[in-house]
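See below for the structure under consideration.
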Amino acid sequence: MTADSTPSTDGEWQSLRAKQLCYRGPRLVTGADIVRISRTLALEPWHFTQTAPAAANDPTGVVLDNARRRVNVRIANAAHGCVFHVLTLEGTGRCGLGELAPVSCRMFPAVPGRTAGDAGDAGDGTTDAAGGGGGDGVQNDAAQDDAAGDVDDSAPGRPGYPLDAAGLAWAERRWAADRDHWFETVARWNALVEKAEESPGIVDFQRYLLEAQAAREAGTPWPEEVVG
């Protein structure tokens, strides 16, 4: 995609994010990010995601094909990077999702799960999806707030602008809660696949993801716990 651009004081930040993140594609995407994009764009997630091989110890590794494959699910990449990356007429880039962008993308250049003052990432603005989170206090607080429904779902800051300190604190808590739920969603799916007689595929997993996220928001049991 190509779009007009207008000079702004945050143009340098947008350009840096495009170079270090958008051109390579976001990596710290959670199931909640995928579902939010899917719902808002009225587009099934398998139309804008892709898979990549996952390590055996990766908590985001989705088991498929009767345990013959283990993959990550991420936002798809195209020749110009992330499929939602918009190229301007000047050749620079910006995120076409605005406030719909994954929480980790909104946090750039901060890396989710890393406290202020930690060493930077590997140089590409990303880190392993299974990488260590922030301190236990941040993770536990986020999980408790999420369970109590106290986490504000409204996106912080303005699309196209870096987050301030308050916005980063919100995003870190939101990401930690979403990540923990993402880990459990994948773990539950993998347990179901072990018992499945058929060989479910990636679309089946993403349908399960949509149901699991809806159950999370409604405070109802996990899909497999619902008795017909």
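Some observations on this one:
- Given their separation in residues at 0.36 nm each and the Cα-Cα distance between them, Ser199 and Ala76 gain 41.9 nm when the chain is fully extended.
- Ordered by solvent-accessible area of protein heavy atoms (1.4 Å probe), largest first, the residues Tyr208, Tyr23, Tyr161 come out as Tyr23, Tyr161, Tyr208.
- The local environment of Ala56, defined by Cβ-Cβ distances under 12 Å, has a net charge of +1 under the rule Lys, Arg +1 and Asp, Glu -1.
- Couplings 3J(HN,Hα) of the range 217-226, computed from phi: 5, 8, x, 9, x, 4, x, 6, 8, 7 Hz, in residue order, whole Hz [Karplus 6.51 cos²θ - 1.76 cosθ + 1.60, θ = phi - 60°; x for Gly and Pro].
- Spin-label model distance (nm) - Ala214 vs Thr92, 7 Å beyond Cα toward Cβ: 4.2 nm
- The residues neighbouring Asn77, those whose beta-carbon lies less than 12 Å from its own, together hold a net charge of +3 under the Lys/Arg +1, Asp/Glu -1 convention.
- Alpha-carbon centroids, the range 195-228 and the range 68-94: separation in whole Å: 27 Å
- Computed over every Cα-Cα pair of the range 10-108 and binned at 10 Å starting from 0, the pair-distance distribution P(r) comes out as 15, 45, 30, 9, 1 percent.
- Applying 1/(1 + (r/R0)^6) with r as the Cβ-Cβ distance of Asn66 and Tyr23 and R0 = 30 angstrom yields a FRET efficiency of 0.25.
- The label-point distance for Glu224 and Glu44, in a model that sets each label 7 Å from Cα toward Cβ, rounds to 2.2 nm.
The values are calculated or read from the model by the stated rules, or taken from the named source; none is laboratory data. Bear in mind the structure is a predicted one, so any value in this text is a computation, not a measurement. So basically every Cβ, Gly included, is an ideal-geometry build from the backbone, and we count neighbours across all protein chains shown. To get the accessible areas, we keep the full protein, side chains included, count just its heavy atoms, and leave off ligands, DNA and RNA. Shrake-Rupley method; radii C 1.70, N 1.55, O 1.52, S 1.80 Å.
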